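**Student:** Handing you this structure, nothing more for now.
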Amino acid sequence: MNIFRLLGDLSHLLAIIILLLKIWNSRSCAGISGRSQFLFAIVFTARYLDLFFTFISLYNTVMKIVFLATSYGTLYLMYIKFKATYDSNHDTFRIEFLILPAIALALLINEEFTVIEILWTFSIYLESVAILPQLFMVSKTGEAESITSHYLFALGSYRALYILNWIYRWFLTEKLNAIAIVAGIVQTILYCDFFYLYLTKVLKGKKLQLPA
Amino acid sequence: KITSTNHDEL
């Protein structure tokens, strides 16, 4: 555990809390992609099945349970409690185009051909692209509420901090997993365009609106 | 094995 990793995890947690509070306080999930949230729930489920087999630390276990609970909580709010406000017309990204390649890639490129390792690898690949339905939704409507952009910024910061964490670990000459790093870098790159818009518009008090 | 493959991360 290092400072970058800890800040990354906290940023991830902050993103999830921002999203939950936004939905809860406004009683609405307008502008949020249920498909991305569904993919994140799959990611956490596939990756954290190791809760049953391995113990790393109390911190690790607690965070995993929190991430699982909050991701299912978000799905509950979106698809059951506030379903009427869910903007499904704009949430049309075909998620099978993400899930199926992630399964295929996990079966082909993995460190060990065991069920738990392939599930872990699948979750890494899927997480790297799970935000695409959300970004697609923002690009389709051409705008995002400030709170939605804060959510995306916190989520992107988590990925950027994880890269700093790997650089730090690399200098400590710890062994690192190429799969996690390549997928993590891909994931971070997906946020770059959004980061630019966030820094140039949202932080100056303007709404995030894509150039026509 | 666990610490050698980023499995200690979230």
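**Student:** What value does the range A:129-212 have for Rg/Rh, both radii from Cα atoms and Rh as Kirkwood defines it?
**Tutor:** 1.06
**Student:** Taking just the alpha-carbon atoms of the protein assembly as shown, what radius of gyration and Dmax come out, in angstrom?
**Tutor:** Final numbers for Rg and Dmax: 17.2, 52 Å.
**Student:** To the nearest 0.05, what FRET efficiency results for A:W24 and A:K207 with a Förster distance of 35 Å applied to their C-beta separation?
**Tutor:** 0.95
**Student:** In addition: Rank these for me by crowding, A:F82, A:F113, going from fewest to most other beta carbons within 10 Å.
**Tutor:** Lowest to highest Cβ neighbour count: A:F113, A:F82.
**Student:** Here's another thing I want to ask about it. Percent relative contact order of chain A, based on C-alpha pairs within less than 8 angstrom and at least six residues apart?
**Tutor:** Relative contact order of chain A: 31 percent.
**Student:** Answer with one residue from A:V115, A:T92, A:F171: the one whose Cα lies farthest towards the positive end of the charge dipole of chain A, charges on Cβ with Lys, Arg +1 and Asp, Glu -1.
**Tutor:** Positive-most Cα among the choices belongs to A:T92.
**Student:** Say a paramagnetic label sat at a point 7 Å from the Cα of A:E143, along Cα to Cβ; which residues of the range A:171-212 have their backbone N under 18 Å from it?
**Tutor:** In the range A:171-212, the label zone of A:E143 (backbone N under 18 Å from the point 7 Å along Cα→Cβ) covers A:197-212.
**Student:** Among A:K204, A:K81, A:K64, rank each residue by its count of other Cβ atoms within 10 Å, from fewest to most, as a rough exposure measure.
**Tutor:** In increasing order of surrounding Cβ atoms, one gets A:K204, A:K81, A:K64.
**Student:** Using the Karplus equation 6.51 cos²θ - 1.76 cosθ + 1.60 (θ = phi - 60°), what ³J(HN,Hα) coupling, rounded to whole Hz, does each residue of the range A:36-41 give in order, writing x for Gly and Pro?
**Tutor:** 5, 5, 5, 4, 5, 5
**Student:** Run the reach check for A:K206 against aspartates and glutamates, Cα to Cα strictly under 19 Å, same-chain hits fewer than 8 apart removed. What comes back?
**Tutor:** A:E143, A:E145, A:D193
**Student:** Further question: Once both labels are modelled 7 Å past Cα along the beta-carbon direction, what's the A:Y79-A:L107 spacing in nm?
**Tutor:** Placing both labels 7 Å along Cα→Cβ, they lie 2.4 nm apart.
**Student:** What nm distance separates the two modelled labels at A:T173 and B:D8, each placed 7 Å from Cα along Cα→Cβ?
**Tutor:** 1.6
**Student:** Another question, if that's okay. Once phi is turned into ³J(HN,Hα) by the Karplus curve 6.51 cos²θ - 1.76 cosθ + 1.60 with θ = phi - 60°, what whole-Hz value does each residue of the range A:81-94 show in order, with x for glycine and proline?
**Tutor:** 5, 10, 4, 4, 9, 6, 8, 5, 4, 9, 9, 10, 4, 7
**Student:** When you have a sec, figure out the Kirkwood radius of the range A:52-97 from all distinct Cα pair distances and drop it here in Å to one decimal?
**Tutor:** Evaluated over the range A:52-97, this radius sits at 13.1 Å.
**Student:** Holding the Cα-Cα limit at 27 Å, pick out from A:K22/A:K64; A:K140/A:K204; A:K64/A:K201; A:K22/A:K201 the pairs that are longer than that.
**Tutor:** A:K64/A:K201
**Student:** Treat every Asp and Glu Cβ in chain A as -1 and every Lys and Arg Cβ as +1, leave all other atoms uncharged, and give the resulting dipole magnitude about the Cα centre to the nearest 20 debye.
**Tutor:** 700
**Student:** Roughly how many Å is it from the Cα centre of the range A:66-91 to that of the range A:1-20, as a whole number?
**Tutor:** 20
**Student:** I would also like to ask the following. Starting from the amide H of A:A144, placed 1.01 Å from N in the peptide plane, find each other amide H under 5 Å away whose residue is 5 or more places distant or on another chain.
**Tutor:** Placed amide hydrogens put A:L208 under 5 Å from A:A144.
Taken together, the values in this text are just the output of simple stated rules run on the coordinates, not laboratory data. Keep in mind that this is a model prediction, so the values were computed, not measured. Glycine gets a Cβ as well: all are built from the backbone with ideal geometry, and neighbour counts include every protein chain shown.
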